[in-house]
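Please read the structure below before turning to the comments.
The values are calculated or read from the model by the stated rules, or taken from the named source; none is laboratory data. Bear in mind the structure is a predicted one, so any value in this text is a computation, not a measurement. We place every Cβ from the backbone using ideal geometry, glycine too, and count neighbours over all the protein chains shown.
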Amino acid sequence: MKIVFLGFVLLFLAIYIGDLREHQYNPFVTIDKLYNKLFYGNNFSDLRDFAWVLSGWDESYLYGRTQLAGLLSFIPSSIFSFREEWGLGVFTTRVLGFDHSIHPGLRPGIFGEPYFNFGYIGVMFFGFLYGYIIYKIHLFAQKSLVLEDKYQSMNNILSSYVTAHLSINFMITAGFFSVYVVGGIILIGVVLTRFRLYRYSSPYF
């Protein structure tokens, strides 16, 4: 019961923070409009946006096109027409007749893109895959909590958080470029660390 109450409190706070950004400070107004804000507002717009895109969709499955466009996000769309045509943001705006050069796209939710690409099979496959990844990350983080080396424990937990954060991009590929950005930063850090260790251990430096 406490968890349910805490969930409602956190939900209210999330929506109230959105009202504060709009200079609306009365919490009773937030409570009065909680239903509309939840299902039709911008705080949790995934359900609304998914329904909106679904209403204009012709039910022709994409068979991985938007996901492939996301995975290839390291290639500029200006030199790769496939990404310009099949990016998730482009697809969601095109379905609704919007100009994708002006509108960045809608958010179909964590299972929206798998559904538009492969239907219910895509939802089940990517759902189980994502759940398994999060499960393994959770186990790794839990085991790291009891390590005697607190520095290693903290490093493992931080790595788990980053990995979990990046793994969502396999479900919603519109921001997949962030995986390459973070991966590049980590790679540079590893190279610099190895070089530093080599420099201190080498007799020639």
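Quick notes on this one:
- Any hit, segment 72-83, residues being closer than 17 Å to E59 by Cα and of a type in the set (F, W, Y): no
- Against the numbered list (1) within 22 Å of S73 (Cβ to Cβ); (2) in contact (Cβ under 8 Å) with a residue 24 or more places away in the chain; (3) not β-branched (V, I, T), S178 comes up short only at (2).
- Test: residue in segment 136-152 that is under 30 Å from Y61 (Cα atoms) and assigned to a helix (DSSP H, G or I): no
- Residue, nearest to the chain's Cα centre (by Cα), within segment 20-65, restricted to residues that are in a helix (DSSP H, G or I), more than 28 Å from Y120 (Cβ to Cβ) and at pLDDT 80 or above: L20
- Scanning segment 113-125 turns up no residue that is over 16 Å from A51 (Cβ atoms) and at pLDDT below 90.
- Looking across segment 66-89, the residues that are of a type in the set (A, V, I, L, M, F, W, C) and closer than 24 Å to I121 by Cβ come down to L68, A69, L71, L72, F82, W86, L88.
- Verdict on Y151 being loosely packed, with under 12 Cβ neighbours inside 10 Å, farther than 30 Å from T93 by Cα, in the same structural domain as W86 (by TED's automatic domain parsing) and within 17 Å of the chain's Cα centre (by Cα): no
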